[in-house]
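Asker: Dropping a structure here in structure tokens format, bear with me for questions.
The values are calculated or read from the model by the stated rules, or taken from the named source; none is laboratory data. Everything numeric here is computed off the predicted structure, so don't read it as measured data. Cβ: placed from backbone, ideal geometry, glycine included. Neighbour counts: every protein chain shown. SASA here: full protein model, heavy atoms, side chains in, ligands and nucleic acids out. Shrake-Rupley method; radii C 1.70, N 1.55, O 1.52, S 1.80 Å.
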Amino acid sequence: QVQLVESGGGLVQTGGSLRLSCAASARTLRIYTMAWFRQAPGKEREFVGAIRQSGNTYSADTVKGRFTISRNNGQNTMYLQMNSLKPEDTAVYYCAADTDLIWVGIMEIQNYDYWGQGTQVTVSS
């Protein structure tokens with residue numbers, strides 16, 4: 001009922017920028033929260049940031065000040081603007097959607113029922 005498609009990943013040098021997009025489509029379910037997670041090789045998937053329908057956002061401390069999450073006016077697409085990229089930002093970035101209206105557990109993987117296939121971000125030294 002919910003489909004998510006990420007795009008915008010690529011290869012950049014340290015200090016560079018990338019803008020990721022997540023296009024969302026839903027039929028009978030309403031998307032209240034959308035979020036970005038990332039997973040590096042051999043590492044666990046970790047929370048990056050989330051945005052509510054209202055536009056309120058929350059970012060992980062590891063990316064705060066460098067990454068900015070936003071959405072379009074129709075709330076059909078979510079963006080992740082990544083600046084001052086570091087090699088440790090290298091990971092597959094996933095888009096996730098939460099279909100409940102409670103602002104609880106937004107940083108937890110189990111809070112999200114729908115996921116995109118991911119887009120690769122590689123930051124070279």
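Asker: State all residues of segment 90-124 that are among the aromatic types (Phe, Trp, Tyr) and open to solvent by 20 Å² or more (accessible area, probe 1.4 Å); if no residue qualifies, say none.
Answerer: 94, 103, 114, 115
Asker: Something else: On the given criteria, is residue 72 in contact with a strand residue (DSSP E or B) (Cβ under 7 Å, 6 or more places away or on another chain) and at pLDDT below 95?
Answerer: For residue 72, the condition - in contact with a strand residue (DSSP E or B) (Cβ under 7 Å, 6 or more places away or on another chain) and at pLDDT below 95 - is not met.
Asker: Also, I was wondering about something else. Scan segment 53-89 for residues that are more than 17 Å from residue 6 (Cβ to Cβ), open to solvent by 50 Å² or more (accessible area, probe 1.4 Å), assigned to a strand (DSSP E or B) and without any contact (Cβ under 8 Å) to a residue 24 or more places away in the chain and report the count.
Answerer: Qualifying residue count, segment 53-89: 2.
Asker: Restrict the check to segment 93-112 and report whether at least one residue is farther than 19 Å from residue 26 by Cβ and part of a strand (DSSP E or B).
Answerer: Among the residues of segment 93-112, at least one is farther than 19 Å from residue 26 by Cβ and part of a strand (DSSP E or B), which makes the answer yes.
Asker: Hey, another quick one. State which residue is farthest from the chain's Cα centre (by Cα) when the search covers only segment 1-54 and only residues that are among the hydroxyl-bearing types (Ser, Thr, Tyr) and modelled with pLDDT of 95 or more.
Answerer: The selected residue is 14.
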